[in-house]
1. Regarding segment 143-161, can at least one residue be identified that is touching a Lys or Arg at 6+ places or on another chain (Cβ under 9 Å) and either among the aliphatic types (A, V, I, L, M) or surrounded by fewer than 19 Cβ atoms within 10 Å (Cβ to Cβ) (or both)?
2. Evaluate the following for Thr202: is it at pLDDT 95 or above, in the same structural domain as Thr114 (by TED's automatic domain parsing), within 17 Å of the chain's Cα centre (by Cα) and of a type in the set (Ser, Thr, Tyr)?
3. Going by the structure shown, is Gly50 within 21 Å of Ser139 (Cβ to Cβ) and either of a type in the set (D, E, K, R) or at pLDDT 95 or above (or both)?
4. Name the residue, out of Ser139, Ser178, Ser127, Ser158, that is closer than 21 Å to Gly254 by Cα and in the same structural domain as Met258 (by TED's automatic domain parsing).
5. Out of all the residues in segment 77-106, which are among the hydrophobic types (A, V, I, L, M, F, W, C) and part of a loop (DSSP other than H, G, I, E, B)?
6. Taking segment 129-141, which residues are surrounded by 15 or more Cβ atoms within 10 Å (Cβ to Cβ) and either under 20 Å from Ala58 (Cα atoms) or of a type in the set (A, V, I, L, M, F, W, C) (or both)?
7. Just name the residue that is surrounded by the fewest Cβ atoms within 10 Å (Cβ to Cβ) out of those in segment 1-34 that are at pLDDT below 50 and in a loop (DSSP other than H, G, I, E, B).
Amino acid sequence: MKTASTTRFALAAAALLTLSAQDGHAAIVIQESFDYGGSNSSLAGLGTAGSGWGGSWATQGVTYTGSPTFNEAYQSTGLTFSTLGVSGGSAMLSANGDGFINAGRAHTAAITGTLYGSYLFKTSSPSFTGLYSVFEGTSMGLASASAQYAIEPDGYASSNGGVITGGAYTYASGTPISANETYLALYKVTNLGGSSVSQDATMWLLRESQYDSFITGGLTEAELNSASLGSGATDVLQRATRTITGSAAFANGGLMMMQSYFATNGQFDELRVSDTSLDELVLGSVPEPSRALLAALGIVGLILRRRR
């Protein structure tokens, strides 16, 4: 016969299950999947405050010389990448000429210490003189070279990408990206929020077959750092690390920004930031319902067996 104590134990187990599911989401600090419906439109004005975001996307084009043509768009079709969970559409940025276009969205989330990030990227025209970038900014008109940090799969004046901290590049080693192929950019920035502290920014760029190799058993920094550089399935396509004494931050009111300079058709999707790990970005920590249920039932079973 069920007793009040037994019921309390069952309720406690259920509560643990609920808390576990809630805590599993906590490590993804912000995520942008561009879930804005089935019609193409301007990206500017899309998005509302909530879930770590402070408001809508804004865009701005900056001219150095000449007469660039700037384009930005929300595209209802998103990027896909192997088994990585995706939804919604994507964002496209393009700047032809001597200038750049930014798309930025303010966030209320803040991370001190170590930040992990990821995004999907594709272009129809890799460029030695252009660049594509995702970076943390403090105002809309910033070039990525003035960012808190910038992660670029295709860097300026380089056939590879790189990371920017302290206003300067460390270019990536490895293999240049190809046209019309989707890539996963993973990155890590340390000691955010400090003042004149040693800060590292690291980028790893993976193609789909490489992601498939590394994701088995979990994605770890050690594996990514020890792998050879190249285009093979067990390689890392590009890798870069830059260490400076700086004061970079990821703070309430900052802007997560995407940029295109002197290039065309840069497509971005699934922007994610975590305070936990690279694995969290690509897999998430929320237990599968069946596993979570078994865990809760196991707790109840152990308690009832002890009571007997």
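1. From segment 143-161, those touching a Lys or Arg at 6+ places or on another chain (Cβ under 9 Å) are 149; that's our starting set.
The next check asks that each one be either among the aliphatic types (A, V, I, L, M) or surrounded by fewer than 19 Cβ atoms within 10 Å (Cβ to Cβ) (or both); those that pass are none.
Within segment 143-161 (the criterion being touching a Lys or Arg at 6+ places or on another chain (Cβ under 9 Å) and either among the aliphatic types (A, V, I, L, M) or surrounded by fewer than 19 Cβ atoms within 10 Å (Cβ to Cβ) (or both)), the answer is no, since none of the residues qualifies.
2. It is true that Thr202 is at pLDDT 95 or above, in the same structural domain as Thr114 (by TED's automatic domain parsing), within 17 Å of the chain's Cα centre (by Cα) and of a type in the set (Ser, Thr, Tyr).
3. Details: within 21 Å of Ser139 (Cβ to Cβ): no; either of a type in the set (D, E, K, R) or at pLDDT 95 or above (or both): yes.
Considered against the rule, which asks whether it is within 21 Å of Ser139 (Cβ to Cβ) and either of a type in the set (D, E, K, R) or at pLDDT 95 or above (or both), Gly50 comes out as no.
4. Just a single option satisfies the conditions, and that option is Ser139.
5. Leu79, Phe81, Leu84, Val86 - these are the residues of segment 77-106 that are among the hydrophobic types (A, V, I, L, M, F, W, C) and part of a loop (DSSP other than H, G, I, E, B).
6. If the condition is that a residue be surrounded by 15 or more Cβ atoms within 10 Å (Cβ to Cβ) and either under 20 Å from Ala58 (Cα atoms) or of a type in the set (A, V, I, L, M, F, W, C) (or both), then Leu131, Tyr132, Ser133, Val134, Phe135, Glu136, Gly137, Thr138, Met140 are the ones that fit.
7. Among those that are at pLDDT below 50 and in a loop (DSSP other than H, G, I, E, B), it is Met1.
A quick yes/no check of all residues on (1) surrounded by 22 or more Cβ atoms within 10 Å (Cβ to Cβ); (2) within 20 Å of Ser33 (Cα to Cα); (3) in contact with a Leu (Cβ under 6 Å, 6 or more places away or on another chain):
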{"site": "Gly88", "(1), (2), (3)": "no, yes, no"}
{"site": "Ala95", "(1), (2), (3)": "yes, no, no"}
{"site": "Ala110", "(1), (2), (3)": "no, yes, no"}
{"site": "Thr114", "(1), (2), (3)": "no, no, no"}
{"site": "Tyr119", "(1), (2), (3)": "yes, yes, yes"}
{"site": "Pro126", "(1), (2), (3)": "no, no, no"}
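The values are calculated or read from the model by the stated rules, or taken from the named source; none is laboratory data. Note that the structure is a prediction, hence the values are computed from the model and not measured. Note that each Cβ is placed from the backbone with ideal geometry, even for glycine, and that neighbours are counted across all protein chains shown.
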